[in-house]
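Contents: one structure, followed by commentary.
The values are calculated or read from the model by the stated rules, or taken from the named source; none is laboratory data. Source: prediction; values computed, not measured. For neighbour counting, all protein chains shown are included, and Cβ atoms are generated from backbone atoms with ideal geometry for every residue, glycine included. Note: accessible area is taken over every heavy atom of the protein model, side chains too, but ligands, DNA and RNA are not part of it. Shrake-Rupley method; radii C 1.70, N 1.55, O 1.52, S 1.80 Å.
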Amino acid sequence: MAANNRRMSGKKGAQVGSGGKRRRGLEGKGPTPPAEMRKGHAKQRAAAARTRRTQGRPPQRRGAGRSSSELVVGRNPVVEALREGVPASTLYVQQFIDSDERVREALQLAAERGGINLMEAPRPELDRMTNGLNHQGLVLQVPPYEYAHPEDLVDAAHDAGEDPLIVTLDGVTDPRNLGAVVRSVSAFGGHGVVVPERRAAGMTAGAWKTSAGAAARTPVARATNLTRALEAYKKAGLVVVGLAADGEAELGALDALDGPVVIVVGSEGKGLSRLVGETCDFRVRIPMPGGAESLNAGVAAGIVLYETARRRA
């Protein structure tokens, strides 16, 4: 009994061992995992939610983006859009509509093209869709435009064994100007158009109509940052030529147009932005004996594209 009391006292002496179990228990479980991998952590839950949201989405092209869908409203605009080949997914027709020549033509064009759904809808539904605009019983839905990546345009030129010829728009906000530029690029053998993602015209139904069908053949790319896109083109061996009324060189004397080139066109009012202008290798002017101060983007791009195509012929 006395021996037992000595073993239970606080004095030093022989102790019953743990067989090494306590030592193994103190060894730990390794470094702490990152927050995204710790069960129950807020960052782990957020990562899991992102994974669930992205599951089932189709893969996108490198850096490509989509615009939002658009509605063309009214009998004349709908007929004109269908005549010009503007992409469309659905034609909405008001129930019990008073059919006239334009309504009949719209239905005929949609049927001839194929791939356009015809939907009959009550007037209140069309009013809701168009936010109360005067739709006259016809509404055409234009699907989102699938933009290319700026690098895709260079790849397409190399695949064709040609020097890249690309037009970039800086601050052009009128879709009709964009459509006119797309038409000129197609006519003179260019490889595409680049527009900024923000504060710039996009491929709307108006741009499609102005392009007169060329938008179906000529890709439009969208750049998150236009200056960085131009820097990437320079690294790929392209010469960046900006159009400016006070440019140091004259268009006819610029030999850079003979090779791989990016032509940058600014807005009619403000011209090139400061950062874009500083990124250009050359700033050139178009001689205008008539004394005009500036040209709109579509006309200016067409003149430079013609000069480039003439030299390359």
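Based only on Cα atoms, what Rg/Rh ratio does the range 182-270 have, Rh being taken as Kirkwood's radius?
On the Cα set of the range 182-270, Rg over Rh gives 0.96.
What residues of the range 180-197 lie in the reach of a label at Lys234, counting those whose backbone N is under 20 Å from a point 7 Å from the Cα along Cα→Cβ?
Only 194-197 pass the distance filter.
Can you pull the one-decimal nm distance between simple spin-label points at Asp100 and Met288, each 7 Å off the Cα toward Cβ?
4.0 nm
List the residues of the range 199-235 whose backbone N lies under 16 Å from a point placed 7 Å from the Cα of Leu133 along the Cα-to-Cβ direction.
202-210
Work out how much length Gln108 to Asn76 would gain on full extension: take 0.36 nm times their residue separation and subtract the Cα-Cα distance, in nm to one decimal.
10.1 nm
When the accessible area of the range 101-254 is computed with all protein chains present and a 1.4 Å probe, what percentage of it is carbon and sulfur?
Reported share for carbon and sulfur atoms: 47 percent.
Determine, for each peptide in 265-272, 103-110, the mean count of other beta carbons within 10 angstrom over its residues, then list the peptides with the highest first.
Highest mean packing first, the order is 265-272, 103-110.
Please give, to one decimal in nm, the separation of the simple spin-label points placed at Arg311 and Ser69, each 7 Å out from Cα toward the Cβ.
With each label point 7 Å from Cα toward Cβ, the separation is 4.5 nm.
Nearest 0.05, what FRET efficiency do Leu275 and Arg123 give at R0 = 51 Å with Cβ-Cβ as r?
Efficiency computed from Cβ-Cβ geometry: 0.55.
What full-extension length gain, to one decimal in nm, is calculated for Thr227 and Ala249 as 0.36 nm per residue of separation minus the Cα-Cα distance?
5.8 nm
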